[in-house]
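The values are calculated or read from the model by the stated rules, or taken from the named source; none is laboratory data. Remember, predicted model here, so these are calculated numbers, not experimental data. Cβ atoms come from the backbone with ideal geometry, glycine included; neighbour counts cover every protein chain shown. Each accessible area value is taken on the protein alone, full model and side chains, heavy atoms only, with ligands, DNA and RNA left out. Shrake-Rupley method; radii C 1.70, N 1.55, O 1.52, S 1.80 Å.
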Amino acid sequence: MTTGFPLSRQLTLDLTTPPAHARADFLPAPANHAALAALERPQDWPQGRMLLIGPEGSGKSHLAAFWAAENGARRITAAALRPDGADLLAAEGGAVVVEDADHAGFAAGAEQALFHLWNLCGPRECLLLLTARTPPRDWGLVLPDLRSRMDAMPQVRLGPPDEALLAAVLVKLFADRQLAVPSGLIDWLVLHMDRDLGLARRLVAAMDLAAMARQGPVTRRIAADLLDKLTEADA
């Protein structure tokens, strides 16, 4: 595989470019096939509810973003949930996305709000999509009724990436930052790094900052040094 990124392209100084989260920017792969298929047919969700589970950087936010756009859903993080806001989120015949639901157990009022939201969405026929890094048993939930509902919620998981998906994600991450890389660097990274999309995201961000600090192009040496540091930090 070759990336085709020319050495002559200049680095951009704009670090605020948001990631592209449209459906057209999503990279279908065996690791996300089941999740993508499930989100494409919300009419098949039991009671209109679904929990999307996947590790950091696996594509949960991307999937949730374009699903929300296509279904007119309101989006909120679990940490931002408040009991008095659940009624406004659960519109009749609407849709709601709660991201990082695994943080609900550590935010004041979030558990009660999620419990209210769950109870409101059913009778109002409001679709409810939750995203989380881990299954509900690991969320530290205190409310027994909420725990039982979360445990019973239908789930779909994002699997670990293969080499092709990791390479494609690296290309996208560099492109999102308008950051040029040498030909062959992505192939080298795929061979030398863990198949971890969260690590890929952190690595590209670190390479961007390092290249800007040097006011020079990204090099394989920079990539290797940063990969070693990040891998050691994760150990």
Is there any pair with a first residue in segment 146-173 that is closer than 14 Å to M50 by Cβ and a second that is of a type in the set (F, W, Y) and open to solvent by less than 60 Å² (accessible area, probe 1.4 Å) whose Cβ atoms are under 6 Å apart and which are 6 or more apart or on different chains, and what are they? R149/W118
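Being more than 20 Å from H33 (Cα to Cα) and touching a strand residue (DSSP E or B) at 6+ places or on another chain (Cβ under 8 Å) is true for just one of M193, M212, M150, M207. Which residue is that? Break it down stepwise before answering.
Values: M193 fails: touching a strand residue (DSSP E or B) at 6+ places or on another chain (Cβ under 8 Å); M212 fails: touching a strand residue (DSSP E or B) at 6+ places or on another chain (Cβ under 8 Å); M207 fails: touching a strand residue (DSSP E or B) at 6+ places or on another chain (Cβ under 8 Å).
The unique qualifying residue is M150.
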Any idea how many residues of segment 211-231 are outside any helix (DSSP H, G or I) and open to solvent by 50 Å² or more (accessible area, probe 1.4 Å)? 2
Here are some conditions: (1) open to solvent by 40 Å² or more (accessible area, probe 1.4 Å); (2) within 21 Å of F66 (Cα to Cα); (3) polar (S, T, N, Q); (4) under 15 Å from the mean Cα position of the chain (by Cα). T131 meets all but one. Which one does it not meet? (1)
Condition set surrounded by fewer than 19 Cβ atoms within 10 Å (Cβ to Cβ) and either touching a Phe, Trp or Tyr at 6+ places or on another chain (Cβ under 7 Å) or among the hydrophobic types (A, V, I, L, M, F, W, C) (or both), scope segment 134-152, selection farthest from L117 (Cα to Cα): answer is G140
Within segment 119-128, work out how many residues are open to solvent by 10 Å² or more (accessible area, probe 1.4 Å) and either under 22 Å from the mean Cα position of the chain (by Cα) or within 15 Å of H103 (Cα to Cα) (or both). 1
Taking first residues from segment 117-135 that are over 17 Å from W45 (Cα atoms) and second residues anywhere that are part of a strand (DSSP E or B) and open to solvent by less than 10 Å² (accessible area, probe 1.4 Å), the pairs with Cβ under 6 Å that are 6 or more apart or on different chains are A132/I53
Just to be sure I understand, how many residues within segment 150-197 are outside any helix (DSSP H, G or I) and among the small types (G, A, S)? 4
Between L158, L165, which is closer than 27 Å to N32 by Cβ and touching a Ser or Thr at 6+ places or on another chain (Cβ under 8 Å)? L158
